[in-house]
Amino acid sequence: MKIQVFGDADSAAQQAAIFIAAEARAAVADHGSFVMAVSGGHTPWIMLRDLAREKVPWSAVQVVQVDERVAPPGDPDRNLTHLRASLLESAPLRDEQIHPMPVDSPDLDAAVGQYAQTLQTIAGTPPMLDLVHLGLGPDGHTASLVPGDAVLEISDSDVALTSIYQGRRRMTLTYPILNRARRVLWLVTGGEKAGMFARLQAGDHSIPAGRVRADYAVALADRAAAGLDDTERPLAQHRA
């Protein structure tokens, strides 16, 4: 895993946007398309707004969701609400290039299969995502792969439903598809993440985030998440 630390969250988000744009250009040059999966959170919305200002072959981009809360359309809890606001208002991206998880379906089990089919349609069989953007929770979760949930043990499906977590069920990508991705981009900001970020760097498989493969991963963090005080300089380093 390559690790880079920046002075603040905005700088980390900006660098994440630059990184995604470069990956998009490389993927389109190599195989004609770029499929990226995006997680939720405040800093990622900044990242996406920054991405809209980068040189990206937008007509060849497809955006899928890493996870989503089971909530009504337009609900502020929905990652999709912010994803659309961040990209559609700023980038030359058509609405049909964003593929929402169908969490408002009356049959959530069928919706899981529906989204798995969507992934196959745009990313092959089995689906191989060009880039997965992930965050890190203070409890060590990533996507909606949360400690103690049965979803952690799923090995035969790329999409699954969780139990209730922080008041809502979630639909989430699972380890099989995350670990097939050509590139994983971690964006980790905030001092409350420092302990888990250290464990992620150490490859601690006892936390959900630690079970995502590290060999194709880049982690961008701010000073607080990296546990640096004001006298320590941001750094870049490589760790397995």
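Quick check on packing: order 182-190, 67-75, 144-152, 215-223 by the mean number of other C-beta atoms within 10 Å, highest mean leading.
Numbers: 182-190: 23.4, 67-75: 17.0, 144-152: 18.8, 215-223: 21.0.
Going from most to least packed, we get 182-190, 215-223, 144-152, 67-75.
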Here, HIS42 and GLU153, labelled 7 Å along Cα→Cβ, have an inter-label distance in nm of 3.7
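Can you give the FRET efficiency to the nearest 0.05 for SER206 and HIS31, using r as the Cβ-Cβ distance and R₀ = 22 Å?
Working: r = 36 Å, r/R0 = 1.64.
Working from the Cβ atoms, E equals 0.05.
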Residue span SER163 to THR81: 0.36 nm per residue of separation minus Cα-Cα distance leaves a gain in nm of 27.3 nm
Out of THR125, THR43, THR172, a Gaussian network model of the chain with alpha-carbon springs under 10 Å gives the largest mean-square fluctuation to THR125
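Which value, in nm² and rounded to one decimal, describes the direction-averaged projected area of the C-alpha convex hull of the chain? Kindly include the intermediate steps, with their values, before the conclusion.
Working: hull surface 48.3 nm².
Projected area, direction-averaged: 12.1 nm².
Tell me the net charge near ILE98. Cut-off is 14 Å between Cβ atoms, ILE98 excluded, with +1 for each Lys or Arg and -1 for each Asp or Glu.
Working: positive: ARG78, ARG84, ARG94; negative: GLU68, GLU89, ASP95, GLU96.
Once all neighbours under 14 Å are counted, the net charge is -1.
So if we plug the beta-carbon distance of ASP8 and ASP139 into 1/(1 + (r/R0)^6) with R0 = 30 Å, what FRET efficiency do we get, rounded to 0.05? Intermediate values should be presented prior to the final figure.
Values: r = 24 Å, r/R0 = 0.79.
Computed FRET efficiency for ASP8 and ASP139 comes out at 0.80.
Quote the Stokes-Einstein diffusion coefficient, in whole µm² s⁻¹, for region 55-152, based on the Kirkwood radius over alpha carbon pairs, a temperature of 10 °C and a viscosity of 1.306 mPa s.
Values: Rh = 15.0 Å.
Here the translational diffusion coefficient equals 106 µm²/s.
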per DSSP, antiparallel bridges as share of beta bridges in the chain, % nearest 5, sits at 35
In terms of the charge dipole of the chain, which places +1 on Lys and Arg and -1 on Asp and Glu at the beta carbon, the residue among VAL218, LEU187, LEU87 farthest towards the positive end is VAL218
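Values in this text are rule-based calculations from the coordinates and carry no lab data. Keep in mind that this is a model prediction, so the values were computed, not measured. Glycine gets a Cβ as well: all are built from the backbone with ideal geometry, and neighbour counts include every protein chain shown.
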